[in-house]
Amino acid sequence: MIIKDYLLDALNLLYPELCVACRKENPIQNAHLCVHCLSQFPETDHYDYPSENEMMDRFVGRVPLRFAAGLAYNYSEGIVQNILHGLKYQRKQDIGIVLGRRIGERLMESNQWELPDFIVPVPIHIIKKRKRGYNQCSLIANGINEVIKRKVVSDQLIKTKNNDSQTGMGRSDRVENILNSFHLRDSSKFNSKHVLLVDDVMTTGATLEACYLAFKDVVDVQFSVATVAISKS
Ligand SMILES: [Zn+2]
């Protein structure tokens, strides 16, 4: 444990945790969210129509997908954005597991999905992972797998480029920035498999498209995509 962790633990004792979304109410145990925010969580209907929804539409002509779904809408100033910020920048790792479990439940409830063979979290660069201490997408993937009980594969798809922040960049710049930034170690592991790619948020889809390109040598692979959030266009 580094000194920073001690300080954060001490602060948590002095200032008990508040709901990450509204920062007013006490959260329910291990969820980091209060009852009110949980009830306001803006879930999509994608899991009812996994092969025909706005997320699928955004990938048309770019990535052939079996199914795609975002769990909730990410409005510019809403609870989902606060939740994702807590997950990525405030060490609230439980949030990833909680949201992943919710995705897993939606997958199991829907009779439209075919469960994947492998769950592959979108990787982050090793330098970023060292800094943050974890990959938030791996936490989401683990939460999903707690419910659907397949296999999380997180050591095969690698982020090889440490891209700068993409905030404020247009779509073509984003694509250019991340193109070829992922590498698949052993493509033969994925032959004839159905892969569920997991990301925290879908905005332009450039990251997921770049991940898909890393699978170009795999024979007969099928893709689906699950994210916690989809930005409202
Ligand atoms: Zn709240």
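A short reminder: the numbers here are calculations on the coordinates, not readings from a lab. Everything numeric here is computed off the predicted structure, so don't read it as measured data. Cβ: placed from backbone, ideal geometry, glycine included. Neighbour counts: every protein chain shown.
Which percent, to the nearest 5, of DSSP beta bridges fully inside the chain are antiparallel? Please list the in-between numbers first.
Values: 4 of 25 bridges.
In the chain, DSSP labels about 15 percent of beta bridges as antiparallel.
Would you please put 91-99, 75-83 in order of how densely packed they are, using the mean number of other Cβ atoms within 10 angstrom per residue and starting with the highest? It would help to have the intermediate numbers written out before the result.
Details: 91-99: 21.1, 75-83: 17.0.
Ranked by mean Cβ neighbours within 10 Å, highest first: 91-99, 75-83.
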Two-site label geometry, Tyr73 and His183: point separation in nm, points 7 Å out along Cα→Cβ: 4.1
Dimensionless Rg/Rh of the range 20-105 - Kirkwood Rh, Rg from C-alpha atoms: 1.02
For the chain: relative contact order, % (alpha-carbon pairs under 8 angstrom, 6 or more apart): 21
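Using unit Cβ charges (K, R positive; D, E negative) and no other charged atoms, how large, in debye to the nearest 20, is the dipole of the range 102-219 about its Cα centre?
Working: 18 positive and 14 negative charges, 86 e Å.
The calculation lands at about 420 debye.
Divide by every residue of the chain the summed helix terms, -39500 (n - 2.57) for each DSSP H run of at least 4, and state the resulting mean residue ellipticity at 222 nm, rounded to the nearest 500 deg cm²/dmol. Let's see the in-between values first.
Details: 9 runs with 87 residues, N = 233.
Helix contribution divided over all residues of the chain: -11000 deg cm²/dmol.
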Cα convex hull volume per residue for the range 142-233 (Å³): 113
Unit charges at the beta carbon, dipole of the range 42-231: most positive-side option, Gly86, His46, Met56: Gly86
Debye log10 I(q)/I(0) at q = 0.08, 0.11, 0.16 Å⁻¹ for the range 42-231, Cα point scatterers: -0.22, -0.43, -1.00
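Of Lys24/Lys131; Lys88/Lys149; Lys92/Lys151, which ones are farther than 27 Å apart at the Cα? Walk me through the numbers on the way to the answer.
Values: Lys24/Lys131 29 Å; Lys88/Lys149 25 Å; Lys92/Lys151 24 Å.
From Lys24/Lys131; Lys88/Lys149; Lys92/Lys151, over 27 Å: Lys24/Lys131.
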Lys131-Glu43 FRET efficiency (beta carbon distance; Förster radius 25 Å; 0.05 resolution): 0.20
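Within 10 Å of each residue's Cβ, count the other Cβ atoms and sort Tyr89, Tyr212 from fewest upward. Walk me through the intermediate numbers first.
Working: Tyr89 10, Tyr212 21.
In increasing order of surrounding Cβ atoms, one gets Tyr89, Tyr212.
Any chance you could run the full-extension gain for Asp220 through Gln112? It's 0.36 nm times the residue separation minus the Cα-Cα distance, nm to one decimal. Walk me through the numbers on the way to the answer.
Values: separation 108, 0.36 × 108 = 38.88 nm, distance 2.13 nm.
That pair, Asp220 and Gln112, stretches by 36.8 nm at full extension.
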Positive-pole candidate from Val98, Ser187, Tyr73, dipole of the range 42-231, charges at beta carbon: Ser187
